[in-house]
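Before anything else, here's the structure in question.
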Amino acid sequence: MFYSTERKRMEIPQSQQAPKSSRFRRKQETPSMMIKVEQVEKQFGNEAGVFDLSFEVPAGTIFGMIGPSGCGKTTTVRLMTGLYRRDSGNLWVLGRDPSKFSLRTRERLGYMPQHFVLYPNLTVWENLNFVASLYGMGYISRRKWLNQALDFVELSNAKSRLGSQLSGGMQRRLELACTLVHNPSLIFADEPTAGIDPVLRGKFWDHFRNLRDEGRTLFITTQYVGEAMYCDMVGVMRAGRLLHVDTPENLRRKAFGGDMVQIVVDPAQAYEATNILQSQPFVTSVRRSPEQPGLLLINVADASEALPQIFTTMGEHPEITVQQADKYVPPFDDVFIRLMEQAEKEHV
């Protein structure tokens, strides 16, 4: 685990704790809805910006905002952190208007920007120590939190290295440590996995899920649309507008009109099997895989109900042998492409 309230009480002697009057130690009530956005707009020029954004982020969840580069993800984050002022609409973060955040409210936020913004001529430890000092963490007690943060992002062995000597992936991990060092309840991470290798991306998402399981709330933007599967809720953006907000599974259903089932038959029997299945009322469509002869992808309303019906139907045709049949979960890249195609057709 990262920092829990219980561990704070157990690990820091009373004599080393920050004074109770410290802003860093004060508790504020956490709303059940950490972010609430209603018809928010921010425009740059004639067409750039974000338009009519409306969504909510419950406490203790990972909300992923996915979309192509330039669609408005970073603008959305900057609105919620108070870096930009909205042109219209209503916006609450931690129950407050971001344009009027108090220092106490800002201390409850963690922000990991898209690009490396720390000091290249300071060491890993010095960068982290500097950020901790900005939040008023006591000089003596902060060492324990700094070490925990470095352990969490696996940089303990690199604490003496300069920021300029770190690889891109290590710089991103240092930024994550700096984002977490003051124990924020709401974390914004803008493209945290951009430009890093798949193994490190997986570790980042392991960290994010651990934070979520400890009760943190995370708002994460990414252009790696496959990462949507790691989120509790997903917002799909295109050209500054939010097309969908739903769970990953429900977005799959929206993209493909329900569930999908895959069956494998002998390639020589694929054409006949396709015709048989297409005639069934519980089947929406059947598509033969061009990459794997004999693989049929079947659109149905509900896979659990359709599978027994498929076995019954094919059982009436003993000349066709079903080698495999199960639910098919399309990769989220395919889901995203479908949703973009649907949006393009609606726009036309």
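Taking a threshold of 21 Å on the Cα-Cα distance, which of the pairs 73/159; 36/73; 36/100 fall above it? Could the numbers behind the result be given before it?
Working: 73/159 32 Å; 36/73 16 Å; 36/100 15 Å.
Too far apart for the 21 Å limit: 73/159.
Now, a different point. Give a quick list of GluC sites (Glu not before Pro) in segment 164-253 that DSSP marks as loop, anything other than H, G, I, E or B, with at most 13 other Cβ atoms within 10 Å.
The qualifying sites are 214.
Report the extension gain between residue 114 and residue 144 in nm, rounded to one decimal, defined as 0.36 nm multiplied by the number of residues separating them, less their alpha carbon distance.
Additional length available on full extension: 8.1 nm.
To continue, here is another question. Per DSSP H run of n ≥ 4, the term is -39500 (n - 2.57); total these for the chain, divide by its residue number, and report the mean residue ellipticity at 222 nm rounded to 500 deg cm²/dmol.
About -10000 deg cm²/dmol.
So with the 1.4 Å probe, I'd like the accessible area per residue for the chain, rounded to whole Å².
Per residue, the chain has 49 Å² of solvent-accessible surface.
Give me the percent of the accessible area of segment 134-240 that comes from carbon and sulfur atoms, probe 1.4 Å, all protein chains in place.
Taking all protein chains in place, segment 134-240 shows 50 percent carbon and sulfur surface.
Still on this structure, please answer the following. Any chance you could give the angle, 0 to 90 degrees and rounded to 10, that helix 124-134 forms with the longest Cα principal axis of the chain?
70
Stick to the Cα atoms of the chain, pair each with every other, and give me the Kirkwood hydrodynamic radius in Å at one decimal.
22.8
Based on the mean of other beta carbon atoms within 10 Å per residue, what is the order of 154-165, 199-210, most packed first?
Sorting 154-165, 199-210 by mean packing, highest first, produces 199-210, 154-165.
Only Cα pairs under 8 Å and at least 6 apart count here; give the relative contact order of the chain as a rounded whole percent.
About 19 percent, as a whole number.
Quote the charge dipole size of the chain about the Cα centre in Debye, to the nearest 20; the model charges only the Cβ of Lys and Arg (+1) and of Asp and Glu (-1).
Computed charge dipole of the chain: roughly 2520 debye.
Okay, next question. Given H placed 1.01 Å from N in the peptide plane, which residues other than close sequence neighbours of residue 243 have an amide H under 5 Å from its amide H?
Under 5 Å from the amide H of residue 243 lie the amide H atoms of 236, 237, 238, each far enough along the sequence or on another chain.
Also: Each residue of segment 200-210 in order: what ³J(HN,Hα) in whole Hz does its phi give by Karplus 6.51 cos²θ - 1.76 cosθ + 1.60, θ = phi - 60°, with x for Gly and Pro?
Coupling constants for segment 200-210: 5, 4, x, 5, 4, 5, 4, 4, 4, 5, 4 Hz.
Sticking with this structure for a sec: If you average the alpha carbon positions of segment 242-264 and of segment 155-201, how far apart do those two centres end up, in angstrom?
Segment 242-264 and segment 155-201 have Cα centres separated by 33 Å.
Oh, and also: What does the charge count around residue 270 come to, taking other residues whose C-beta lies under 14 Å from its C-beta (Lys +1, Arg +1, Asp -1, Glu -1)?
-2
Counting Lys and Arg as +1 and Asp and Glu as -1, what is the net charge of the other residues whose Cβ lies under 11 Å from the Cβ of residue 196? Please report the intermediate quantities before stating the final value.
Values: positive: 172, 173, 201, 203; negative: 191, 197.
Around residue 196, the surrounding residues sum to +2.
I've got another one for you. Find which of 264, 247, 301 sits farthest along the positive direction of the dipole of the chain, computed with +1 on the beta-carbon of Lys and Arg, -1 on that of Asp and Glu, about the Cα centre.
247
Work through the residues other than residue 175 whose Cβ is under 12 Å from its Cβ and net out their charges, Lys, Arg +1 and Asp, Glu -1.
0
The values are calculated or read from the model by the stated rules, or taken from the named source; none is laboratory data. Just so it is clear, the model here is predicted, and its values are computed rather than measured. Cβ coordinates were reconstructed from backbone atoms using ideal geometry, including for glycine residues, and neighbour counts include every protein chain displayed. With ligands, DNA and RNA removed, areas are computed over all heavy atoms of the protein, side chains included. Shrake-Rupley method; radii C 1.70, N 1.55, O 1.52, S 1.80 Å.
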